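The values are calculated or read from the model by the stated rules, or taken from the named source; none is laboratory data. Just so you know, these numbers come straight off a predicted model, no measurement behind them. Here the Cβ positions follow ideal geometry from the backbone for every residue, glycine too, while neighbour counts run over all protein chains shown. Protein only, heavy atoms only, side chains kept; ligands, DNA and RNA dropped before computing areas. Shrake-Rupley method; radii C 1.70, N 1.55, O 1.52, S 1.80 Å.
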Amino acid sequence: MEIQHSDQDGCLVVGFTGSIDLFSVTQVRKTLLKDLSNEPYALICDLSGVQNLDPVCATVFSTVANHPASRWPATAFLLCGAQPPVAEILGRLQVPHFLQLYADVDEAVDQAVARPPYLREELRLAPTPTASAAARTFVRETCRYWQLALPDATVMERAVLLANELVTNAVVHAGTDIRLRLELRGDRLHIAVRDDNPRLLRLVVPDSQAEGGRGLWLVEQLARAWGVNPHPEGGKIVWCVLSL
């Protein structure tokens with residue numbers, strides 16, 4: 001496996017040549033995680049030189065995209081140039097559901113640099129009963145300021161609902177100070193809630209008779225993607241992504 005790095009219009013392009021299999025997947029993973037930890041504007045994987053992709057190893061890209069190598073999961077991570085057999089394997093694993101696959105490097109770079117300026121707002125909250133209401137107000141006002149309520153308010157209302165559920169979970173299950181962060185990168189709105197409790201949450205099927213327990217299930221239904229990552233400085237981040 002040969003790996004080459006280049007910079008194109010401020011984006012870090014990582015080119016792979018050879019086979020991604022059980023012998024090389026560890027090298028691929030370590031390289032991408034190291035690159036991601038540097039928080040480039042965008043990380044683009046050029047797969048045009050990959051002749052063979054072992055289906056067992058094809059999840060390496062979604063694994064890297066959801067890894068806490070970056071303190072907050074917002075760096076754009078794109079795939080491009082996959083030959084038809086490789087693209088077919090990625091498609092069977094539904095990787096394009098989480099990572100958009102572009103025809104070539106130029107198209108991927110155009111997509112990355114065409115995004116509007118990177119926007120970020122953050123709110124600190126105490127674990128009190130009023131935290132969820134404050135989070136809803138913060139998200140609604142931020143989305144309006146970023147003009148995400150135009151031409152309709154669907155995205156904003158989903159963002160408000162998701163932030164409410166994530167903050168409520170943090171208040172109930174973590175009981176620590178909370179940080180709610182909104183990040184807008186192109187056509188993706190990232191919502192992340194950090195608390196200081198290292199206990200990771202997991203998705204459970206809600207009981208129809210129970211009054212609560214539907215928070216992460218709602219996130220699963222409404223978000224394009226979501227996850228729970230340990231934070232390098234302790235605690236965890238529960239995040240989700242909406243497409244505009």
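Structure above, values below:
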quantity	calculated
Single residue of the stretch 108-125 satisfying the filter (in a strand (DSSP E or B) and modelled with pLDDT under 90) that is least open to solvent (accessible area, probe 1.4 Å)	119
Complete set of residues in the stretch 32-57 that are crowded, with 19+ Cβ neighbours inside 10 Å and touching a Cys at 6+ places or on another chain (Cβ under 8 Å)	32, 40, 42, 43, 44, 45, 46, 47
Conditions (1) under 21 Å from the mean Cα position of the chain (by Cα); (2) open to solvent by 50 Å² or more (accessible area, probe 1.4 Å): number failed by residue 182	(2)
Matching residues in the stretch 7-26 - criterion: being loosely packed, with under 14 Cβ neighbours inside 10 Å, at negative phi and touching a residue at least 24 places away in the same chain (Cβ under 8 Å)	22
